[in-house]
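Visitor: Take a look at this one; I'll ask things after.
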Amino acid sequence: MEHEPSIPEYGALLVADIGVDQTHVALIDLVDQIYRLVAQASAPSTWAPPTNDPMVAIRTALRQIESTTGRQLLQDERLIMPQNDAGDGVDALVATTDAAGALPIAVAGLAQHESVKYALHAARSTYTQLVDSIALEEGGHALSRHLPVLHAGRPAVILLAGGHEQGATSAGQRLARLLGLYAEYAEQAPLIIFAGNSAAAEAVRGQIGAAARLEQTDNLLPRPQQPRIEPTRALLRRLYREQVVSRLPGAERLTALGCRRLGSRAEDQGLITRFLGERYQRNVLTVDAGSQTTACLLMSEGHYSEAIFGRLGTRLGGLQVLREVGAEAITRWLPFALDARALEMRLLNRALRPRQLPSDLDDLLLDAALLREAIGLAYRALRDERPRAPIDLVIAAGLPAEVLRPGLAALVLLDALQPAGNDGDLAINLYLDQFGLLAAGGALAHIDADAAACVVEQDLLNNAPLATVIVPRGTITPGKQVAEVELQVLGGETLTQTVHGGAIVRLPLARGKRGTLRIRPAAGIAIGQNRAGYEVISDEAAIAGSTLGVIIDARPRPLTLPTELEERQTWLLRWMQALDALPPLPVAPTPAGTGSQPATNGHPTPAPTEEDTPSDGTAHDVESLREELLAEPPRKRGWFRRR
């Protein structure tokens, strides 16, 4: 479906995406009366000391665009605005950022699994850092231990929830008394948001006193198990823009230059996520992970949810990932030995040098491991709110879209999200937002909705398909046949594969091609919402080509990796090779007599089958992979070039 544009209000438009490490600038202009991405350039961000001026990086990127397009955008170091008759300059500039920092927040409620739970969901509506979580049910002595935690964490906002409408009001007052005590002695009093029983609002205000400002919003949980989170989320997004984004170093220079809006990257991505879900009636999950922030945004069955973390990432946020999940959860994704102390030292080094690119294969794979865990944390938080929400379209932005090869991006997403066979009717479509058009489109939407829709539809959806993923459903036994898969390429050959439990299989279907997919599952195995054992066939030529084609992920859920290094290395490398994530090298069979491994869905992880084992029996070697990558620096391949 193509967007039908209205009469254009603007000509050329600029979008600046100010990241922690890199600033991306996109030039959008009319091409045959449709807004399209004309050019994009990047430069190291300069919002932080000693420069404190995001415009330095923006000007650097603009000079690259000038060189590429032949247009003049700058004159005497100032942006030419509006666009002149010669086609130079632009009509408007908007900006979005994830570099402004996190909003320190604490949540408090009556019960851990009711009001506190929904307060946590609301707190993840923007880039926040959770300082503390307080439940009144903990009791007096336990509650007193929260005061030094609050004093050390210095939350800018405390979200107080609890009490159903028409219910008792006394419990909320006791919690308000504790928060008022903290506010009285805090160096800088926090804003307290009351999202509880409206009948208790005045009493709560009296208990807090004059030590802190209180702002009331709708009750988070007006009735049992019937949350109403969006009003609180909207308030927190506004506070983040006012208290954090507006204070980005150099923000005033953007305003003086004529920037129409400086917003939050996650909020702008969320706007487009909602648009795509509504326009195409799809269940859309957007994943964005970077050096310091991670977000999962979901528009499913007409309802929008989000889980955004301001301190999870691969560089500045790497140590927080380690604190959240532990060293073992990260190192399990690495096909080489790395102890907990060495991992911590690497992450400390990354925090000190956040702009340093991966220097070798080990560092790249550590990036991928951290991405898996950061995205996994955000996704589990999202699933805590929406456990049964279906997903059939996943769009990855940030670092997942910038890894060395698309196959590694796909593997990171599959490992982090572990999609189940009942998430979609038949398949899940993966997209890579390599040019940051979700955020750019969301920023544009605030001044020109037509331009935003055109760019997202024409330049993102048409040019960024990564793969069509099929996840069999049922009791999958590792090593046993799961399905026979046949892909009939329109006007071409027929590809067939036998899929075994524990494996990932890829059927290439190039961009611009279309195919018909037929799957014959084994007994007890279902595809999508179909009955177990029933053959499934897509509509004729219904499967569109993409960078990787069709992926069948037949690994049991939940995914559990062997603890023994050599066996784990074998499987990790095999999965990477299946998706062309790394330079192909033969993988040796796991030696006989290896120790026991953890169960996966009640079944052990399989030893490699004879079909999986290379005929020459050559042993795998991560050092060989590293040497191959370093021998000739990989060139950036044009998977996502515009037509």
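The values are calculated or read from the model by the stated rules, or taken from the named source; none is laboratory data. These figures come from a predicted structure and were not determined experimentally. For neighbour counting, all protein chains shown are included, and Cβ atoms are generated from backbone atoms with ideal geometry for every residue, glycine included. For the accessible areas, the whole protein counts, side chains as well, though only heavy atoms, and no ligand, DNA or RNA atoms are used. Shrake-Rupley method; radii C 1.70, N 1.55, O 1.52, S 1.80 Å.
Visitor: Which Cα, out of GLN64, GLY89, ALA211, lies furthest along the positive dipole direction of the chain (beta carbon charges, K/R +1, D/E -1)?
Guide: ALA211
Visitor: Let me ask another. How large is ³J(HN,Hα) for each residue in segment 221-227, as worked out from phi by the Karplus curve 6.51 cos²θ - 1.76 cosθ + 1.60 (θ = phi - 60°), to whole Hz, x for Gly and Pro?
Guide: 9, x, 9, x, 6, 10, x
Visitor: Okay, helix-only estimate at 222 nm for the chain: each DSSP H run of n ≥ 4 adds -39500 (n - 2.57), divide by all residues, round to 500 deg cm²/dmol; what do you get?
Guide: Details: 18 runs with 202 residues, N = 643.
After summing the helix terms and dividing by residue count, I get -9500 deg cm²/dmol.
Visitor: How far is the Cα center of segment 265-334 from the Cα center of segment 373-422, in Å?
Guide: 8
Visitor: For q values of 0.10 Å⁻¹, compute log₁₀ I(q)/I(0) with the Debye formula on a Cα-only model of segment 12-148, without solvent.
Guide: -0.53
Visitor: Sticking with this structure for a sec: Once the chain is represented by equal point scatterers at the alpha-carbon sites, with solvent omitted, what log10 I(q)/I(0) does the Debye formula produce at q = 0.06, 0.07, 0.10 Å⁻¹?
Guide: -0.35, -0.48, -0.99
Visitor: Scan the chain and note any complete DSSP helix (H) whose C-alpha atoms cover at least 15 Å along its axis and whose Kyte-Doolittle average is 1.6 or more.
Guide: The qualifying helices are 406-417.
Visitor: Output the relative contact order of the chain, whole-number percent, from Cα pairs under 8 angstrom with separation of 6+ residues.
Guide: Rounded, it is 11 percent for the chain.
Visitor: May I pose another question? Note down the relative contact order for segment 386-468 as a percent, whole number, built from C-alpha pairs under 8 angstrom at least six residues apart. The partial results should precede the final answer.
Guide: Details: 91 pairs, mean separation 29.6, N = 83.
Averaging sequence separation for qualifying contacts and normalising by length gives 36 percent for segment 386-468.
Visitor: Three principal axis extents, largest first, for the C-alpha atoms of segment 417-474, in Å?
Guide: If we take the Cα atoms of segment 417-474, the spans are 48, 19, 17 Å.
Visitor: Skip the ligands, DNA and RNA, and give the accessible area per residue of the chain with a 1.4 Å probe, whole Å².
Guide: Per residue, the chain has 41 Å² of solvent-accessible surface.
Visitor: Taking N as the number of residues in segment 315-365, what value does Rg over Cα atoms divided by 2.2 N^0.38 Å take?
Guide: Expressed relative to 2.2 N^0.38 Å, the Cα Rg reads 1.06.
Visitor: Per the Kirkwood formula on distinct C-alpha pairs, the Rh of segment 448-498 is how many angstrom?
Guide: Working: mean 1/r = 0.0669 Å⁻¹.
About 15.0 Å, per the Kirkwood formula over Cα pairs.
Visitor: Could you work out what % of the accessible surface of the chain is carbon and sulfur, using a 1.4 angstrom probe and leaving DNA, RNA and ligands out of the count? Provide the component values of the computation, followed by the final result.
Guide: Numbers: 12770 of 26430 Å².
That fraction is 48 percent.
Visitor: For segment 136-199, how big is Rg over Rh, using alpha carbon atoms and the Kirkwood form of Rh?
Guide: 0.98
Visitor: Give me a comma-separated list of calculated 3J(HN,Hα) values for segment 478-495, in order, Karplus coefficients 6.51, -1.76, 1.60 applied at θ = phi - 60°, integers in Hz, x for any Gly or Pro.
Guide: Calculated HN-Hα couplings, in order: x, x, 9, 5, 9, 6, 9, 10, 10, 10, 8, 6, 4, x, x, 7, 10, 9 Hz.
Visitor: Considering amide H positions built from the backbone, and no H for Pro or chain starts, which residues 5 or more places from LEU393, or on another chain, come under 5 Å of its amide H?
Guide: ASN283, LEU285, ASN429
Visitor: Can you give me the long-range amide H partners of LEU103? Hydrogens built in the peptide plane at 1.01 Å from N, cutoff under 5 Å, separation of 5 or more residues or another chain.
Guide: THR128, GLN129
Visitor: Okay, next question. From the convex hull of the Cα coordinates of segment 386-449, what is the mean projected area in square nanometres?
Guide: Average of the hull's projected areas for segment 386-449 equals 5.6 nm².
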